[in-house]
Amino acid sequence: MNILTFDIEDWWVYDYYGLGDCKEYLPRLEKYLNEILDLLDEKETKATFFCLAKVAEKYPKVVQTIIQRGHHIGCHSYSHKFFGDVIPVDVRNDTRKALDIIQNVIGKEVTAYRAPAFSITESSKWILEILASEGIEYDSSIFPVNRRFGGFENFSPNMPFIIDCNGITIREFPISTAKLSGRDIVYSGGGYFRLFPYCLIKSMTKQSEYMMTYFHIKDFDKRQKRKFVSFYSESAVANYFKSYFGIRNSFSKFKKFVSDFDFMSIEQAANAIDWTKVPSVHI
């Protein structure tokens, strides 16, 4: 089961972080999005697009184009604020606001969610209970290795499962991992996809019964304005490497990836799974 997902946030990211003139980057973002949608049409493949509500609010046609092409829309929060130091009322308000905006734009209920930067951790797992209580049925926020914005290290299983939050359940589609030199690594999205050679990604994918991908339009935009700055606790050198390494060939690598394997959306995967037979995890 290979699941294809995108985080639609870069229309906001480029503006927020000052990554160039909007007259230059907006056409590029639109170009890559349309090429992705055309490629998926050719493959008769559907994907899940986790949309930031601020993008839906300012650029509604972006989200409307995606759903008009038959894809699944999820929520990626309202303003991409990381969940490092939030309190319950802030999470609930952000989720309600984001869902209202996206649902009004697409005219359809949204029941899938991905936290900004996968920032749900062991100490903030209570957020999942709030998401479930707000109507979220499917979550894809668990990042089971350590990362700079948190991560839920060593969380298992490495497959879809049910999370029980004080009697409220939510179906989880975690980011998938593979073993490399005895360590669990992520390979199927973001900077990891740009970093690892395609032959290794292809081999790991072939060996995996479950794979969750995650991509951003920014991962493919080799003409984007580059910044050499520190970010949170990372040095400028480390941040620059993680942000831009492998970007020159990333889109051609992505197109080969989609051509070599069959993918589905989270919605399709959820309908294909017999949820009575998957493990349940109490948190």
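Give me the residue from the stretch 52-98 that is touching a Gly at 6+ places or on another chain (Cβ under 8 Å) and more than 18 Å from residue 132 (Cα to Cα) and, out of that set, surrounded by the fewest Cβ atoms within 10 Å (Cβ to Cβ).
Ranking the candidates gives 84 first.
I'm checking my understanding of the structure. Among residues of the stretch 197-207 that are of a type outside the set (A, V, I, L, M, F, W, C), free of Cβ contacts under 8 Å to residues at least 60 places away in the same chain and out of contact with any Lys or Arg (no Cβ under 7 Å at 6 or more places or on another chain), which one is surrounded by the most Cβ atoms within 10 Å (Cβ to Cβ)?
Only one residue fits best here, namely 202.
Look at residue 31 and say whether it is in contact with a Phe, Trp or Tyr (Cβ under 7 Å, 6 or more places away or on another chain), surrounded by fewer than 21 Cβ atoms within 10 Å (Cβ to Cβ) and either in a loop (DSSP other than H, G, I, E, B) or of a type outside the set (Val, Ile, Thr) (or both).
So residue 31 does not fit the description; no.
Just give me the residues in the stretch 53-81 being among the hydrophobic types (A, V, I, L, M, F, W, C), outside any helix (DSSP H, G or I) and without any contact (Cβ under 8 Å) to a residue 60 or more places away in the chain, in sequence order.
73
Just to be sure I understand the filter: pairs with C-beta atoms under 8 Å, separated by 6 or more residues or on different chains, first member in the stretch 216-233 and among the aromatic types (Phe, Trp, Tyr), second member modelled with pLDDT under 85 and surrounded by 12 or more Cβ atoms within 10 Å (Cβ to Cβ). Which pairs pass?
220/247; 228/236; 228/240; 231/148; 231/239; 232/148; 232/149
Checking residue 142 against (1) within 21 Å of residue 63 (Cα to Cα); (2) among the β-branched types (Val, Ile, Thr); (3) in a loop (DSSP other than H, G, I, E, B), only one condition comes out false. Which one?
(1)
The values are calculated or read from the model by the stated rules, or taken from the named source; none is laboratory data. Here the structure is a predicted model, which is why all the values come from computation and not from measurement. All Cβ positions, glycine included, derive from the backbone under ideal geometry; neighbour counts span all protein chains shown.
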